[in-house]
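Chemist: Let me begin by handing over the structure; questions about it come next.
The values are calculated or read from the model by the stated rules, or taken from the named source; none is laboratory data. Quick caveat, the model's predicted, so the values are computed rather than measured. Ideal geometry is used to build each Cβ from the backbone, glycine not excepted, and the neighbour counts take in all protein chains shown. We work out accessible area using only protein heavy atoms, side chains counted, and drop any ligands, DNA or RNA first. Shrake-Rupley method; radii C 1.70, N 1.55, O 1.52, S 1.80 Å.
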Amino acid sequence: MEVVTHHGRETAYEVADRGGDGAPICFVHGSGGSDNIWRAQHRLADRNPVVTVDLSGHGDSDDVDARPGYTRLSAYADDVLAVVEETDSRVLVGNSLGGAIVMHILIEREFEPDAAVLTGTGARLGVLEDLLNWLENDFERAVEFLHGPDRLFHDPTPELREESMAQLRETGQDVTRRDFLTCHEFDVRTDLSRIDAPVLAAYGEHDQLTPPRYHEYLADEIDDAWLAELEAAAHLAMLEQPTAFNAAVTEFLDIVYERL
């Protein structure tokens, strides 16, 4: 992992570059995750350098003293933009909370990427009250709930499910809960028309955490947007169906760069 120092903290990131001459892509993970959820996207590095970020308090990055909600979302956006500047990334990809961070950047920050991919996310990310309660008072029950049918995964291998559960435990209850509280406060439904970049909204057909209609709404409200359905997948489609996910991203970027 490499690090960039900004706002008094270090943010860790990894770069996979296999000599592709495309624009670098910066991938942003979701609640309780780390850059490791994008490991299958390293296959794209033959075409585009792949940059994967550990948000503050996740993986190898320093934590940040920021309350859940807008303040923490903004701090996470600072993490991403520091890495973007360090790596000359031109495309943003965000999953779940990572998608919220990308939308925040597209709406409120000066950085103008060539394109963005939003997956397993939505313009509003309200969290079930029961889940918020378990995240505070019964973390193991929250972890089990998230790994129930058609939430994070549709039909994962036992190894993938266990690895995902271990990731949440490694991130820990406090940071993961703050992530979900930040999602719970996120709502940019009235601001999507301010997004100028081309956007791909890619979703797992079985995702119950951020259902297909969330992505259809993004495509309807963002001026320059496409939809991609990923079959036999739920919330973490990039892990469950990486070949289909990578193909959707590649096709989208081919269209975007043909127009530039």
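Chemist: Report every pair of residues separated by at least 6 positions or lying on different chains whose Cβ atoms are under 6 Å apart, first residue within the range 37-54 and touching a residue at least 24 places away in the same chain (Cβ under 8 Å) and over 11 Å from ALA23 (Cβ atoms), second of a type in the set (Phe, Trp, Tyr) and in a helix (DSSP H, G or I).
Modeler: From residues that are touching a residue at least 24 places away in the same chain (Cβ under 8 Å) and over 11 Å from ALA23 (Cβ atoms), the pairs are THR52/TRP38.
Chemist: Any residue in the range 1-18 that is at pLDDT 95 or above, in contact with a Phe, Trp or Tyr (Cβ under 7 Å, 6 or more places away or on another chain), open to solvent by less than 10 Å² (accessible area, probe 1.4 Å) and outside any loop (DSSP other than H, G, I, E, B)?
Modeler: Looking through the range 1-18, none of the residues is at pLDDT 95 or above, in contact with a Phe, Trp or Tyr (Cβ under 7 Å, 6 or more places away or on another chain), open to solvent by less than 10 Å² (accessible area, probe 1.4 Å) and outside any loop (DSSP other than H, G, I, E, B).
Chemist: To continue, here is another question. Look through the range 150-165, keep the residues that are in contact (Cβ under 8 Å) with a residue 40 or more places away in the chain and not aromatic (Phe, Trp, Tyr), and return whichever of them is surrounded by the most Cβ atoms within 10 Å (Cβ to Cβ). Please lay out each step first, then the result.
Modeler: Keep residues of the range 150-165 that are in contact (Cβ under 8 Å) with a residue 40 or more places away in the chain, which gives 150-156, 160, 164.
If we keep only those that are not aromatic (Phe, Trp, Tyr) as well, we get 150-152, 154-156, 160, 164.
Numbers: ASP150: 17, ARG151: 17, LEU152: 27, HIS154: 22, ASP155: 13, PRO156: 18, LEU160: 16, SER164: 22.
Going through the qualifying residues, I end up with LEU152.
Chemist: Answer with yes or no whether ASP63 is surrounded by fewer than 18 Cβ atoms within 10 Å (Cβ to Cβ), over 28 Å from ASP196 (Cβ atoms) and free of Cβ contacts under 8 Å to residues at least 60 places away in the same chain. Walk me through how you get there before you give the answer.
Modeler: Details: surrounded by fewer than 18 Cβ atoms within 10 Å (Cβ to Cβ): yes; over 28 Å from ASP196 (Cβ atoms): yes; free of Cβ contacts under 8 Å to residues at least 60 places away in the same chain: no.
No; evaluated as a whole, the condition is false for this residue.
Chemist: Just give me the residues in the range 131-144 being open to solvent by 80 Å² or more (accessible area, probe 1.4 Å) and either within 29 Å of ALA228 (Cα to Cα) or in contact (Cβ under 8 Å) with a residue 12 or more places away in the chain (or both), in sequence order.
Modeler: Residues satisfying the conditions are GLU136, GLU144.
Chemist: Would you mind stating whether ASP114 is more than 17 Å from MET238 (Cβ to Cβ), surrounded by fewer than 24 Cβ atoms within 10 Å (Cβ to Cβ) and either basic (Lys, Arg) or touching a residue at least 12 places away in the same chain (Cβ under 8 Å) (or both)? Full working, then the answer.
Modeler: Values: more than 17 Å from MET238 (Cβ to Cβ): yes; surrounded by fewer than 24 Cβ atoms within 10 Å (Cβ to Cβ): yes; either basic (Lys, Arg) or touching a residue at least 12 places away in the same chain (Cβ under 8 Å) (or both): yes.
Here the answer is yes, as ASP114 does meet what is asked.
Chemist: Looking at LEU92, is it open to solvent by less than 10 Å² (accessible area, probe 1.4 Å), at pLDDT 95 or above and either in contact with a Pro (Cβ under 6 Å, 6 or more places away or on another chain) or not basic (Lys, Arg) (or both)? Reasoning before the result, please.
Modeler: Working: open to solvent by less than 10 Å² (accessible area, probe 1.4 Å): yes; at pLDDT 95 or above: yes; either in contact with a Pro (Cβ under 6 Å, 6 or more places away or on another chain) or not basic (Lys, Arg) (or both): yes.
Taking the combined requirement at face value, the residue satisfies it.
Chemist: Further question on the same structure: Looking at the range 30-60, which of its residues are polar (S, T, N, Q), more than 15 Å from ASP174 (Cβ to Cβ) and buried (at least 23 other Cβ atoms within 10 Å of the Cβ)? Spell out the reasoning first.
Modeler: Taking the range 30-60 and keeping what is polar (S, T, N, Q), we get 31, 34, 36, 41, 48, 52, 56.
After this cut, where a residue has to be more than 15 Å from ASP174 (Cβ to Cβ) as well, the list is 34, 36, 41, 48, 52.
Selection gives ASN48, THR52.
Conditions tested, residue by residue: (1) under 16 Å from the mean Cα position of the chain (by Cα); (2) among the hydroxyl-bearing types (Ser, Thr, Tyr); (3) under 16 Å from VAL102 (Cα atoms); (4) modelled with pLDDT under 95.
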{"site": "ASP191", "(1), (2), (3), (4)": "no, no, yes, no"}
{"site": "ALA201", "(1), (2), (3), (4)": "yes, no, yes, no"}
{"site": "GLU205", "(1), (2), (3), (4)": "no, no, no, no"}
{"site": "PRO211", "(1), (2), (3), (4)": "yes, no, no, no"}
{"site": "HIS215", "(1), (2), (3), (4)": "yes, no, yes, no"}
{"site": "ALA225", "(1), (2), (3), (4)": "no, no, yes, no"}
{"site": "GLU231", "(1), (2), (3), (4)": "no, no, no, no"}
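Chemist: On to the next question. Taking the options LEU106, LEU97, name whichever one is open to solvent by less than 10 Å² (accessible area, probe 1.4 Å) and of a type in the set (A, V, I, L, M). Even if it seems obvious, please write down each step before you answer.
Modeler: Working: LEU106 fails: open to solvent by less than 10 Å² (accessible area, probe 1.4 Å).
Every option except LEU97 fails the conditions.
Chemist: Spot the failing condition for ARG194; the list is (1) over 23 Å from ALA66 (Cβ atoms); (2) open to solvent by less than 20 Å² (accessible area, probe 1.4 Å); (3) of a type in the set (D, E, K, R), and only one is missed.
Modeler: (2)
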